[in-house]
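Please read the structure below before turning to the comments.
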Amino acid sequence: MATITTEVATTARWDDVQHALTGGGDGASCQCIWPMLRNKDWNETSTPQRTEMLREEIAAGPAPGIIAYSDGEAAGWIRIGPRPRQARLAYTRAIAAATSEPFDDESVWAVTCFVVRREHRGAGLNRELLAAAVDFARDSGARIIEGYPVDTRGAKQHSNELFHGTLSTFLASGFSEHGQLKPGRPLVTLELDA
């Protein structure tokens, strides 16, 4: 069984971030910038621009995500950070309707993206990533974490649609359903101890 470890994304780990993001699915082209931009702005960017945006975001800090390693190889990624810094969320009507938290509250954090390289899927990396993200958020002063996962108990989902994470992963990590974005897409929250 592989040894799974996690580390926050830093400029020193840039190559690992890229390795984690480019192992299948949309991570290579998205560069996990999708949550950061409104649709209009997203549609006006290219993959090289998104790559540079992520590099600059990591360099500016705080870390916008965490890398999972499987036996030392970068194998997965999760985006976690203050919700106000993830611009798309405030402009997503379903999220705005489901949340009771103000969008300018920096103590509200959000998990918006999971990426696991194809060869490492099914090994529990999402659980490890989410656990590390919760610890990171708590240590950084977050009061509450929101997630917007896919409920996989219904119809079969394409793996590219699971970048939001699965409901079962969030529930197993102590999150609870707080609202519904649309059928099959709950809003989940975890209140952190002060």
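The values are calculated or read from the model by the stated rules, or taken from the named source; none is laboratory data. Note that the coordinates shown come from a computational prediction; the quantities given were computed from them, not determined experimentally. Positions of Cβ are generated from backbone atoms using ideal geometry, with glycine treated the same way; all protein chains shown enter the neighbour counts.
For the range 50-69, a residue qualifies if it is without any contact (Cβ under 8 Å) to a residue 12 or more places away in the chain and surrounded by 12 or more Cβ atoms within 10 Å (Cβ to Cβ), and exactly one does: Glu52. Of the helices (runs of 4 or more DSSP H) lying entirely inside the range 6-123, those carrying at least 3 residues that are hydrophobic (A, V, I, L, M, F, W, C) and under 14 Å from the mean Cα position of the chain (by Cα) are 14-21.
Taking every residue in the range 123-147 that is basic (Lys, Arg) and pairing it with any residue that is surrounded by fewer than 17 Cβ atoms within 10 Å (Cβ to Cβ) and part of a helix (DSSP H, G or I), at least 6 positions away or on another chain, the pairs with Cβ-Cβ distances below 9 Å are Arg127/Ala172. Could you give me the residue pairs with C-beta distances under 8 Å whose first residue belongs to the range 7-25 and is over 12 Å from Arg117 (Cβ atoms), whose second residue is of a type outside the set (S, T, N, Q) and surrounded by fewer than 15 Cβ atoms within 10 Å (Cβ to Cβ) wherever it lies, and which are 6+ apart or on separate chains? Note: pairs meeting the criteria are Thr11/Ala59. Within the range 137-160, the residues that satisfy the criterion of being of a type outside the set (S, T, N, Q), within 21 Å of Trp77 (Cα to Cα) and surrounded by 14 or more Cβ atoms within 10 Å (Cβ to Cβ) are Ala137, Arg138, Ala142, Ile144, Ile145, Glu146, Gly147, Tyr148, Pro149, Val150, Asp151. Inclusion of Pro82 among residues that are farther than 20 Å from Asn126 by Cβ, touching a residue at least 40 places away in the same chain (Cβ under 8 Å) and surrounded by fewer than 17 Cβ atoms within 10 Å (Cβ to Cβ) is not warranted. Of all residues in the range 27-43, those satisfying the criterion of being surrounded by fewer than 16 Cβ atoms within 10 Å (Cβ to Cβ) and either modelled with pLDDT of 90 or more or among the charged types (D, E, K, R) (or both) are Ser29, Arg38, Asn39, Lys40, Asp41, Asn43.
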